[in-house]
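**Student:** One structure, as structure tokens, below. Some questions next.
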Amino acid sequence: MGKSDKLLLQILSGSSDANIRFSDLRRLLIGLGFEERIHGSHHLFRKSGIEEKINIQKDDNKTKPYQVRQVRNVIVKYRLGGDI
């Protein structure tokens with residue numbers, strides 16, 4: 001199981017939303033096929049076929065917990081992440 005698979009499982013479990021590193025979540029979203037656009041401190045992610053825009057920001061080196069929950073909701077709604 002690769003690093004991105006472990007991160008995806010951690011996000012889907014919802015047990016540690018406050019401990020998700022910003023750089024890891026950013027890499028996961030890009031790996032899932034999202035396109036990134038940076039506007040100031042906001043990193044905006046879009047993907048064809050997904051109506052929601054994902055917006056994440058750094059909070060020190062972590063991602064804000066409510067933004068991790070938003071990412072989880074999109075992953076679950078659109079069944080992203082393959083067989084996990």
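Laboratory data are not the source of any read-out in this text; all were calculated from the coordinates shown. All values derive from a computational prediction rather than experimental measurement. Every residue, glycine as well, gets a Cβ built from its backbone with ideal geometry; the counts of neighbours run over all protein chains shown.
**Student:** Tell me the net charge near Asp59. Cut-off is 12 Å between Cβ atoms, Asp59 excluded, with +1 for each Lys or Arg and -1 for each Asp or Glu.
**Tutor:** +2
**Student:** Further, regarding this structure: Alpha carbon centre of the range 1-32 versus the range 49-74: separation in Å?
**Tutor:** Cα centres, the range 1-32 to the range 49-74: 11 Å.
**Student:** Just grab the label-to-label distance for Asp5 and Arg79, each label 7 Å out from Cα along the Cβ direction, in nm (one decimal).
**Tutor:** Using points 7 Å along Cα→Cβ, the separation is 2.0 nm.
**Student:** What lysines could a cross-link reach from Lys47, if we take a straight Cα to Cα line under 17 Å and drop same-chain neighbours fewer than 8 places away?
**Tutor:** Lys77
**Student:** Related question: If the reach is capped at under 12 angstrom between alpha carbons, list the aspartates and glutamates near Lys3, excluding any in the same chain fewer than eight residues apart.
**Tutor:** Excluding near neighbours in sequence, the set is Asp24.
**Student:** Assuming R0 = 22 Å, what is the FRET efficiency of Glu36 and Ser13, from their Cβ-Cβ distance, to the nearest 0.05?
**Tutor:** Approximately 0.35, to the nearest 0.05.
**Student:** Find the relative contact order for the chain and round it to a whole percent, using C-alpha pairs within less than 8 Å whose residues are 6+ positions apart.
**Tutor:** 32 percent
**Student:** Could you give the spread of the C-alpha atoms of the chain along their three principal axes, from largest to smallest, in whole angstroms?
**Tutor:** Answer, in whole Å and largest first: 34, 29, 20 Å.
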